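Colleague: Dumping the structure here so I can ask a few things about it.
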Amino acid sequence: MGMKEKSTALNMFAIELQKFDWRQMECGCGESAMHLPVKIAELVALDQDHAHGEAFTTSLHGHVLTGADGLVAASSAFLAVAMAALTEPLSEPARRETLGTILRILGSATSTEATGGPVSAFATECVDAVRQGQWLLYAEVMNGTSPAGVAYAFESLMLIEQDRKRLRAVQAAVEDRLPWDLKTEEI
């Protein structure tokens, strides 16, 4: 049974990765995004011995976002693939980096809305891609083994969750799992 479950999760990641026409998509580096599937696969394959530094250290930053944290077509595609990757048994560094990159993209996607500016189609696609799998973020908050991953998942939920009552209830239920600033954050 364990092998079948792993196979299904791996297939979901592969299916999601293959559903996009990366060649026709704009990458944050200014080129076609056709090189991104390999970079994304490298991210989710990080082994347990990968450096335990801060998140956002992968080479994806200038690809799924522009250098100035601007969204590109590859941003929402990455989020859909990253959410599928969270269904896999990732190493702690891979999970932490994936959740950190999700948070960074969501931060860019929701920053314009927060300031009252016009929301781009890319921003809407990004938020929608994560909302479709938001239960994976809740699972990470409740059961994740990486303190940084738990924090990134909760911060991501703070950006996209429309049911603030649910988010407050989860915040209270997992208070001991959250860093001090997220324990006391007014939701």
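Colleague: State which residue pairs qualify: first residue open to solvent by 60 Å² or more (accessible area, probe 1.4 Å) and inside region 1-30, second residue modelled with pLDDT of 70 or more and of a type in the set (A, V, I, L, M, F, W, C) in any location, beta carbons under 6 Å apart, and separation of 6 or more residues or different chains.
Modeller: Pairs found: MET12/ALA84; ARG23/MET34; GLU26/VAL72; GLU26/ALA73.
Colleague: Additional query: Looking only at region 130-158, how many residues end up being touching a helix residue (DSSP H, G or I) at 6+ places or on another chain (Cβ under 7 Å), farther than 20 Å from SER76 by Cα and of a type in the set (S, T, N, Q)?
Modeller: Residues in region 130-158 being touching a helix residue (DSSP H, G or I) at 6+ places or on another chain (Cβ under 7 Å), farther than 20 Å from SER76 by Cα and of a type in the set (S, T, N, Q): 2 in total.
Colleague: Okay, moving on. Give just the number: which of (1) in contact with a helix residue (DSSP H, G or I) (Cβ under 6 Å, 6 or more places away or on another chain); (2) surrounded by 14 or more Cβ atoms within 10 Å (Cβ to Cβ); (3) at pLDDT 95 or above does ALA77 not satisfy?
Modeller: (1)
Colleague: Okay, next question. Could you tell me whether SER111 is under 25 Å from GLU185 (Cβ atoms), polar (S, T, N, Q) and surrounded by fewer than 23 Cβ atoms within 10 Å (Cβ to Cβ)?
Modeller: Values: under 25 Å from GLU185 (Cβ atoms): yes; polar (S, T, N, Q): yes; surrounded by fewer than 23 Cβ atoms within 10 Å (Cβ to Cβ): yes.
Considered against the rule, which asks whether it is under 25 Å from GLU185 (Cβ atoms), polar (S, T, N, Q) and surrounded by fewer than 23 Cβ atoms within 10 Å (Cβ to Cβ), SER111 comes out as yes.
Colleague: Limited to region 172-187, what total is found for residues that are assigned to a loop (DSSP other than H, G, I, E, B), surrounded by 15 or more Cβ atoms within 10 Å (Cβ to Cβ) and not aliphatic (A, V, I, L, M)?
Modeller: Number satisfying all stated conditions: 1.
Colleague: Okay, next question. Do the conditions hold for THR145, that is, is it touching a residue at least 12 places away in the same chain (Cβ under 8 Å) and under 15 Å from the mean Cα position of the chain (by Cα)?
Modeller: Numbers: touching a residue at least 12 places away in the same chain (Cβ under 8 Å): yes; under 15 Å from the mean Cα position of the chain (by Cα): no.
For THR145, the condition - touching a residue at least 12 places away in the same chain (Cβ under 8 Å) and under 15 Å from the mean Cα position of the chain (by Cα) - is not met.
Colleague: Just to be sure I understand, how many residues within region 64-74 are in a helix (DSSP H, G or I) and surrounded by fewer than 22 Cβ atoms within 10 Å (Cβ to Cβ)? Full working, then the answer.
Modeller: Restricting attention to region 64-74, the residues satisfying the condition of being in a helix (DSSP H, G or I) are 64, 73-74.
Then drop every residue that is not surrounded by fewer than 22 Cβ atoms within 10 Å (Cβ to Cβ), which leaves 73.
Total meeting the criteria: 1.
Colleague: Also: Which members of region 135-156 meet the condition of being open to solvent by 20 Å² or more (accessible area, probe 1.4 Å), of a type outside the set (A, V, I, L, M, F, W, C) and either closer than 13 Å to THR101 by Cα or not in a loop (DSSP other than H, G, I, E, B) (or both)?
Modeller: Initial filter on region 135-156 (open to solvent by 20 Å² or more (accessible area, probe 1.4 Å)): 135-136, 139, 142-143, 145, 147-148, 152, 155.
Cutting the leftovers down to of a type outside the set (A, V, I, L, M, F, W, C) gives us 143, 145, 147, 152, 155.
If the condition is that a residue be open to solvent by 20 Å² or more (accessible area, probe 1.4 Å), of a type outside the set (A, V, I, L, M, F, W, C) and either closer than 13 Å to THR101 by Cα or not in a loop (DSSP other than H, G, I, E, B) (or both), then ASN143, PRO147, TYR152, GLU155 are the ones that fit.
The values are calculated or read from the model by the stated rules, or taken from the named source; none is laboratory data. The structure presented is a predicted model; accordingly, all values stated were derived computationally and were not measured. Using ideal geometry, Cβ is built from the backbone for each residue, glycine included, and neighbour counts are taken over all protein chains shown. These accessible areas exclude ligands, DNA and RNA; they are computed on the full protein's heavy atoms, side chains included. Shrake-Rupley method; radii C 1.70, N 1.55, O 1.52, S 1.80 Å.
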